[in-house]
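Structure, as structure tokens:
The values are calculated or read from the model by the stated rules, or taken from the named source; none is laboratory data. Keep in mind it's a predicted model, so treat the numbers as computed, not measured. Using ideal geometry, Cβ is built from the backbone for each residue, glycine included, and neighbour counts are taken over all protein chains shown. Note: areas computed on protein heavy atoms with side chains; ligands, DNA, RNA excluded. Shrake-Rupley method; radii C 1.70, N 1.55, O 1.52, S 1.80 Å.
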Amino acid sequence: MDVAAHQVAVKVAELQAVAAELGALDDHRVELGARLVDLEHWFRRVGCAELSDSALEVFARRYVGRVCELADGLREQ
């Protein structure tokens, strides 16, 4: 295998690793979002409106906000 082909093979492996890592990160982000929603609902059901609002605020600011940021970035391309 010549040097150029080897370099391409290395970069392909790197791309696959980064894609897998991003997939795992995305899965983790989805799990965290679901946990925030569960907490928000639980706090609301037990009558802790302030804590429910806090969980909802974190969800909207961190989770949904980041999703919107990513979507805006894709639209700009």
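Here are the numbers for the structure shown:
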item	result
Estimated vicinal HN-Hα couplings, Hz - the range 17-26 in sequence order (Karplus 6.51, -1.76, 1.60; Gly, Pro = x)	5, 5, 4, 5, 5, 5, x, 5, 5, 5
Modelled label reach - residue 70, point 7 Å along Cα→Cβ, the range 25-40 residues with backbone N closer than 19 Å	25-38
FRET E, pair residue 38, residue 16, Förster distance 35 Å, beta-carbon r, rounded to 0.05	0.60
Computed helical MRE - 222 nm, the chain, DSSP H runs ≥ 4 contributing -39500 (n - 2.57), nearest 500	-29500 deg cm²/dmol
With Cα atoms, 0 to 90° folded angle of helix 65-76 axis to the chain main axis	40 degrees
Base-10 log of normalised Debye intensity for the chain (one unit scatterer per alpha-carbon) at q = 0.13, 0.17, 0.22, 0.26 Å⁻¹	-0.60, -0.78, -0.97, -1.09
Pairwise FRET efficiency - residue 57 versus residue 26, Cβ, R0 = 22 Å, nearest 0.05	0.45
Assigned charges on the beta-carbon of Lys, Arg, Asp, Glu; the chain dipole about Cα centre (debye)	180 debye
Solvent-accessible heavy-atom area per residue, rounded to whole Å², over the chain at 1.4 Å	83 Å²
